[in-house]
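Written below as structure tokens is the structure these notes are about.
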Amino acid sequence: MPTIQITVQRFSVVSRNPFESVVAKLSETIGHPDMRTFPKDVTATKTFAELEQVIHKAIGSSGLIEFVRFNIGEILRKESEANTPRILRLIVGNPLIMKQMAVHVPDAASYAPVTILIDERPDGVHLSYDRMASYLASYGSAEALKVARDLDSKIEALLTAAAI
């Protein structure tokens, strides 16, 4: 198996709004299904149409689902006993979008769902995302790249709106 070099592009936007309000604004557009039952519901589907129904019920207005949330800042604050830094990592995606990329580039499943990083710094709240198109560019699939660029646009618009 060859080793390939992947150059990743990071999109970032900075908000002057409070950390909590940025997180709340972002969270209100992302679906939050019960992750104890969602995988079971997906597995229980018999047809692709049933699968689509389960996923469409789970997604938020952004077309995305939050799969897991890591409060990294909480871990860091345990040592310092301070109120900062606040760092939150959200793993978000849409299995139907991932499928559209993975059918052309199976390695796309390594990169989706994606990470949104929200972290508080002296200059504001940073919202960052590593562009899916940059992960997939070296694989040479125009079809997967088109889906990846659409996903990038969707997430970048979401982060930009949350920063306002």
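Would you mind classifying the stretch 72-164 by shape? Square roots of the alpha carbon gyration tensor eigenvalues, ordered a ≥ b ≥ c; an a/c under 1.5 is rounded, otherwise it is prolate if a/b is larger than b/c and oblate if not.
prolate
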³J(HN,Hα), Karplus 6.51/-1.76/1.60, whole Hz, each residue of the stretch 3-20, x for Gly, Pro: 9, 10, 8, 10, 9, 9, 9, 10, 8, 9, 9, 10, 10, 8, 6, x, 3, 4
Loop by DSSP (not H, G, I, E, B), at most 10 other beta-carbon atoms within 10 Å: where is the longest site-free stretch of the chain for trypsin sites (Lys or Arg not before Pro)? 47-164
Please state the equivalent ellipsoid semi-axes for the stretch 88-139: what are the square roots of 5 times the Cα gyration tensor eigenvalues, largest first, in whole Å? 26, 12, 6
Given 0.36 nm per residue, what is the gain on full extension from residue 50 to residue 142 after removing their alpha carbon distance, in nm? 30.3 nm
Can you sort 132, 35 so the residue with the fewest Cβ neighbours within 10 Å comes first? 35, 132
Quick check for you: which residues of the stretch 14-45 have the amide N under 16 Å from the point 7 Å beyond the Cα of residue 61 toward its beta carbon? 22-32
Selection from 45, 64, 21, by position along the positive dipole direction of the stretch 20-68 (Cβ): 45
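Given N residues in the stretch 18-64, what is its alpha carbon radius of gyration divided by 2.2 N^0.38 Å?
In units of the 2.2 N^0.38 Å rule of thumb, it is 1.39.
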Quick check for me: using +1 on Lys/Arg Cβ and -1 on Asp/Glu Cβ, what's the dipole size of the stretch 1-158 about its Cα centre, in debye to the nearest 20? 80 debye
Listed with the fewest Cβ neighbours within 10 Å leading, 56, 104 appear as 56, 104
Taking the 0 to 90 degree range and rounding to the nearest ten, how far is the long axis of helix 142-163 tilted relative to the main principal axis of the chain, both from C-alpha atoms? 30 degrees
Mean separation of Cα pairs under 8 Å and 6+ residues apart, divided by the residue count of the chain: what relative contact order is that in percent? 30 percent
Rounded to the nearest 500 deg cm²/dmol, what is the calculated helix-only ellipticity per residue at 222 nm for the chain, with -39500 (n - 2.57) per DSSP H run of length n ≥ 4? -13000 deg cm²/dmol
Nearest 10 degrees, 0 to 90: what angle lies between the long axis of helix 48-58 and the longest principal axis of the chain (Cα atoms)? 10 degrees
Counting sequence-distant residues (5 or more places) and residues on other chains, those with an amide H built under 5 Å from that of residue 17 are 125
When the Cα centres of the stretch 129-164 and the stretch 1-33 are compared, how far apart do they sit, in Å? 11 Å
Answer with a single label: of (1) 142, 10, 9; (2) 28, 21, 15; (3) 26, 17, 14, which was calculated as semi-axes √(5λ) of the Cα gyration tensor in Å from the structure in view? (2)
Dmax and Rg, reported as Rg then Dmax, of the stretch 37-108 (C-alpha, Å): 16.9, 51
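Since every read-out is calculated from the coordinates, none of them should be taken as a lab result. Model, not experiment: these values are computed from the prediction. Please note: Cβ atoms are built from the backbone with ideal geometry, for glycine as well, and neighbour counts cover all protein chains shown.
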